[in-house]
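K.L.:
Just passing along the structure, written as structure tokens.
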Amino acid sequence: ITWTSVNLSPIPTNNWESVAYGAGKWVAVASYVASGNQMIMYSSNPKTSWTLATHPGAEFKSVTYGGTSGNEKFVAVSLTGGTNGVSVVGTVVYSTDGVTWTAASAEKNSWRSVTYGNGKFVAVGYSNANKIMHSPDGINWTPVSWGQSLISVTYGNGKFVAVGTRCVYYSTDGITWTG
């Protein structure tokens, strides 16, 4: 009900797209930055301070937190990305602490959204033949051949639910989907 604005200075005024909480930290990701390569920030106290994280460059769209007990992590997906100035189609990165990020072994795509539930991470996108992928650990991903472009995915009440342009799909396992 009541919201308070936070002064992010010296954090750049980015297009912050998504935020997740886990391991005592909030992590936010951005799809566009005014300058440089500063697209992930984290905070243990979001009212007072945010810090930029080190990560492979990308235009991030979504971040989530999940995993099995003792193996939890943040996972972020991007539309585009790359490291050392090399641009590639969307990537996936993961972090156990929200501070240091590593590229995951995932198919390149225009990934739009990621969630965690039922023991796995699920990401959705809107280009290439495989517009869905899943992972038990957020590091190694398996693509699902899927023709419909998807924009967002979430998990609740035993189901993954994904939406796209004029469509809604659901799945209990993140692999087999029903319209």
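The values are calculated or read from the model by the stated rules, or taken from the named source; none is laboratory data. For clarity, every value in this text was computed on a predicted model and none was experimentally measured. Backbone-built Cβ (ideal geometry, glycine too); neighbour counts: all protein chains shown. For accessibility, only protein heavy atoms count, side chains too; no ligands or nucleic acids. Shrake-Rupley method; radii C 1.70, N 1.55, O 1.52, S 1.80 Å.
K.L.:
Cβ-Cβ distance below 7 Å, separation of 6 or more or different chains: which pairs start in region 2-30 with a residue that is farther than 14 Å from residue 51 by Cβ and part of a loop (DSSP other than H, G, I, E, B) and end on one that is acidic (Asp, Glu) and open to solvent by less than 90 Å² (accessible area, probe 1.4 Å)?
P.N.:
Within 7 Å, the pairs are 23/72; 23/97.
K.L.:
What are the residues in region 42-68 that are of a type outside the set (Val, Ile, Thr) and at pLDDT 90 or above, if any? If you could, list the steps in order and put the result at the bottom.
P.N.:
Start the filter on region 42-68 by keeping residues that are of a type outside the set (Val, Ile, Thr), which leaves 42-47, 49-50, 52-53, 55-62, 65-67.
Residues satisfying the conditions are 42, 43, 44, 45, 61, 62, 65, 66, 67.
K.L.:
May I pose another question? In region 133-144, is there at least one residue being closer than 20 Å to residue 160 by Cα, among the hydroxyl-bearing types (Ser, Thr, Tyr) and in a strand (DSSP E or B)?
P.N.:
Looking only at region 133-144, we keep the residues that are closer than 20 Å to residue 160 by Cα, and these are 133-144.
Then drop every residue that is not among the hydroxyl-bearing types (Ser, Thr, Tyr), which leaves 135, 142.
Pick out the ones that are also in a strand (DSSP E or B) and you get 135, 142.
Among the residues of region 133-144, at least one is closer than 20 Å to residue 160 by Cα, among the hydroxyl-bearing types (Ser, Thr, Tyr) and in a strand (DSSP E or B), which makes the answer yes.
K.L.:
Quick one: which residue in 153, 168 is of a type in the set (Val, Ile, Thr) and either open to solvent by less than 70 Å² (accessible area, probe 1.4 Å) or under 20 Å from residue 40 (Cβ atoms) (or both)? Working first, answer last.
P.N.:
Details: 168 fails: either open to solvent by less than 70 Å² (accessible area, probe 1.4 Å) or under 20 Å from residue 40 (Cβ atoms) (or both).
Residue meeting the stated conditions: 153.
K.L.:
Sticking with this structure for a sec: From 84, 130, 109, which residue is modelled with pLDDT under 95, within 20 Å of residue 176 (Cβ to Cβ) and either open to solvent by 10 Å² or more (accessible area, probe 1.4 Å) or in contact with a helix residue (DSSP H, G or I) (Cβ under 8 Å, 6 or more places away or on another chain) (or both)? Let's see the steps before the verdict.
P.N.:
Details: 84 fails: within 20 Å of residue 176 (Cβ to Cβ); 109 fails: either open to solvent by 10 Å² or more (accessible area, probe 1.4 Å) or in contact with a helix residue (DSSP H, G or I) (Cβ under 8 Å, 6 or more places away or on another chain) (or both).
130 is the lone residue from the list that is modelled with pLDDT under 95, within 20 Å of residue 176 (Cβ to Cβ) and either open to solvent by 10 Å² or more (accessible area, probe 1.4 Å) or in contact with a helix residue (DSSP H, G or I) (Cβ under 8 Å, 6 or more places away or on another chain) (or both).
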